[in-house]
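One structure is given here, and the rest of the page talks about it.
The values are calculated or read from the model by the stated rules, or taken from the named source; none is laboratory data. As the structure is a prediction and not an experimental result, all values here were calculated from the model. In this analysis, Cβ positions are derived from the backbone assuming ideal geometry, glycine residues included, and neighbour counts consider all displayed protein chains.
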Amino acid sequence: MMPPQTILAWMWAALGIYWIAGAFQSRKTTLGERSLVRRLRLILLVVMFMLLLTDHLRFGWLGSRFVPRVPWLEWLGIALTAAGFALCVWARIHLGQYWSDKIGLKADHRLIRSGPYATLRHPIYSGVLLAITGSTLAIGEWRCVVVFAVMLVNYCIKAAREDRLLAAAFGDAFREHARQAGFLLPRL
């Protein structure tokens, strides 16, 4: 049986391949963020996933366990990771050609309110955070908690910037959507 970290690494790699392949199917961006900001975010993403999925940055207290190593917790973590991936893919399918890896608007951009976007404004970020939560539980080391915290801050900043862009582009339609759909968690 493969260790949980190896299973998770393969799962994250599969999602990454899907994500990159899908990038070629999106429309041309008409309004987007500066390339320097985008590059810094991509560097942050690479470092965070190296910290999460490899032992190369595992030193000191980062390599200490915060949960016991028990198979049922590891499998629960793997299941939560898969659920997060499912949410990401579902959201990406609903965005279709309007998806972008950077903050921006596509040509003839539409406000998507179907699928997971009916209850979440940023379901891809929510899905990634759920997957990181699952991976954190399965691996059980403090380095994973650091990754979750950094990615939560990153996605809150990025999502807030996206909200401002969408509010400027779609006005009242976006404000209505924001009243109905939660930021990263569904509204109760």
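Listed here are the residues, each with its yes/no results for (1) within 22 Å of the chain's Cα centre (by Cα); (2) free of Cβ contacts under 8 Å to residues at least 40 places away in the same chain.
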{"position": "47", "(1), (2)": "yes, yes"}
{"position": "57", "(1), (2)": "yes, no"}
{"position": "66", "(1), (2)": "no, no"}
{"position": "72", "(1), (2)": "no, yes"}
{"position": "80", "(1), (2)": "yes, no"}
{"position": "90", "(1), (2)": "yes, yes"}
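The listed residues are 95, 73, and the only one of them that is modelled with pLDDT of 95 or more and assigned to a helix (DSSP H, G or I) turns out to be 73. When residue 97 is tested against the conditions (1) touching a Lys or Arg at 6+ places or on another chain (Cβ under 6 Å); (2) surrounded by 16 or more Cβ atoms within 10 Å (Cβ to Cβ); (3) more than 18 Å from residue 45 (Cα to Cα); (4) not basic (Lys, Arg), the lone failure is (2).
Checking 119, 136 one by one, the residue that is closer than 26 Å to residue 64 by Cα and either modelled with pLDDT of 95 or more or surrounded by fewer than 18 Cβ atoms within 10 Å (Cβ to Cβ) (or both) is 136 and no other.
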